1. So for region 29-46 (the condition being more than 26 Å from Tyr120 (Cα to Cα), in a helix (DSSP H, G or I), open to solvent by less than 40 Å² (accessible area, probe 1.4 Å) and at pLDDT 95 or above), does at least one residue qualify?
2. Given the options Ala249, Ala216, name the one that is part of a helix (DSSP H, G or I), farther than 30 Å from Pro190 by Cα and free of Cβ contacts under 8 Å to residues at least 60 places away in the same chain.
3. I'm checking my understanding of the structure. Among residues of region 47-69 that are small (Gly, Ala, Ser), in contact (Cβ under 8 Å) with a residue 24 or more places away in the chain and in a helix (DSSP H, G or I), which one is nearest to the ligand (Cβ to nearest atom)?
4. Output the residues belonging to region 189-225 that are among the hydrophobic types (A, V, I, L, M, F, W, C), open to solvent by 20 Å² or more (accessible area, probe 1.4 Å) and over 23 Å from the mean Cα position of the chain (by Cα).
5. With the condition kept exactly as written, say whether any residue in region 153-176 is within 11 Å of the ligand (Cβ to nearest atom) and at positive phi.
6. Regarding region 97-107, can at least one residue be identified that is over 19 Å from the mean Cα position of the chain (by Cα), farther than 26 Å from Met210 by Cα, free of Cβ contacts under 8 Å to residues at least 60 places away in the same chain and open to solvent by less than 10 Å² (accessible area, probe 1.4 Å)?
7. I want to confirm something. Restricting to region 202-244 and keeping residues that are polar (S, T, N, Q) and closer than 22 Å to Glu279 by Cβ, which single residue is farthest from the ligand (Cβ to nearest atom)?
8. Output the qualifying pairs, or none if there are none: Cβ atoms under 7 angstrom, residues six or more apart or on different chains, first residue in region 169-187 and in a helix (DSSP H, G or I), second residue among the β-branched types (Val, Ile, Thr) and surrounded by fewer than 22 Cβ atoms within 10 Å (Cβ to Cβ).
Amino acid sequence: MYTQLVQPDESSAGDAGPEASVFEDKIDRAVTIEPTDWMPEAYRKTLLRQISQHAHSEIVGMLPEANWLTRAPSLERKLILLAKVQDEGGHGLYLYSAAETLGTSRDDMIDALLEKRAKYSSIFNYPTLTWADVGAIGWLVDGAAIINQIPLTQCSYGPYARAMVRICKEESFHQRQGYDVMVTLARGTPEQHAMAQDALDRWWWPSVMMFGPPDAESAHNEQSMRWKIKLFSNDALRQKFVDQTIPQADALGLTIPDPDLRWNEATQHYDFGTPDWSEFYEVIRGNGPCNRERLGARRAAHEDGAWVREAALAYERKVRERATA
Ligand code: BYC
């Protein structure tokens, strides 16, 4: 319904030849699959879907924080935020390149985003209302991203796994800068503390939902885990995020907005409440608070950049003509 299902006739079940056995053997032995290797069409499509959506998330994800670049509270904070937002742009570019190795073009991927055929992370459809939101994004959203992305450095597709190594190192700096903003606010004046709490109240549940639907409703979990594209399920990573983040909130003196949150001695994990999944599905259907604004900004940027693409093509033509003259 809200997902791009791989058709049964595209699944690897139909690929029974010797190449399929070599592929399956590599997956079993955790040997990476490289662009020139044979792969089932459904594996290629699944990767293309996930990597291109990941790339779009990095690019659209620049927008909420960029909203505060001109209003950062000091020159130092502005420089740090500028570097962080530029890193996200770089992540998008590595990921588009990784996806291009699967036989598509960046133009096609960007068209898919602008025509709403491809998704990007739900989290970037929420507004950044105060400076504390910049701290909350770094702390919670980049924190969630690291938990999701570290396993991707070990995923079965070589170009994706390698791109994720540098991305994770940069995400770690992003998480620390966000936490540092939160520390400053939480230990500041009562008004600043209240701003930090308000940002946590608004970003907590969208961050918990960022890991995707519950396993029972996840269309791709099972197959993607079998192919080692995903090494952990959505719920397993979500639990890890909750377990890791609660002590950080405690250290900040902030309260997680979940009355059902409690430590479970038997499982050695936190129990937590159920996110509002109807909100998640509305957001991924395009009806979140900022979906229209975000896609509008990307469309405007694409149109404004048309002259750069035309100039690059004209230059390439000129170089080719000179070479053949
Ligand atoms: N938002 O079967 P499922 C960053 C879709 S950016 C929207 O579980 P899958 C940063 C899903 O696509 C980093 N849609 O799917 C940047 C599928 O629909 P389709 C972002 C979502 O793929 C700037 C349907 O729901 N990280 O760090 O097995 C500033 C069923 O879901 C979402 C990544 O992209 C969602 N949250 O698992 C700051 C990580 N969740 O495609 C920070 C890479 C699910 O069939 N991606 N859907 O139409 C992944 O790890 C996986 O794709 C997911 C979902 C865990 C997200």
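The values are calculated or read from the model by the stated rules, or taken from the named source; none is laboratory data. In this text the structure is predicted, and so the values were computed from the model without any measurement. FYI the Cβ positions are ideal-geometry reconstructions off the backbone, even for glycines, and counts take in every protein chain you see. These accessible areas exclude ligands, DNA and RNA; they are computed on the full protein's heavy atoms, side chains included. Shrake-Rupley method; radii C 1.70, N 1.55, O 1.52, S 1.80 Å.
1. No, the conditions are met nowhere in region 29-46.
2. Of Ala249, Ala216, the one residue that is part of a helix (DSSP H, G or I), farther than 30 Å from Pro190 by Cα and free of Cβ contacts under 8 Å to residues at least 60 places away in the same chain is Ala216.
3. Residues of region 47-69 that are small (Gly, Ala, Ser), as a first pass: 52, 55, 57, 61, 66.
Filter once more, keeping what is in contact (Cβ under 8 Å) with a residue 24 or more places away in the chain: 52, 55, 57, 61.
Next, only the ones that are in a helix (DSSP H, G or I) stay: 52, 55, 57.
Details: Ser52: 10, Ala55: 8, Ser57: 4 Å.
Among them, the one singled out is Ser57.
4. Ala194, Met195
5. Checked region 153-176: no residue is within 11 Å of the ligand (Cβ to nearest atom) and at positive phi.
6. No - not one qualifying residue is present in region 97-107.
7. The qualifying residue farthest from the ligand (Cβ to nearest atom) is Gln239.
8. Glu171/Ile146; Ser172/Ile146; Gln175/Ile146; Gln177/Ile80
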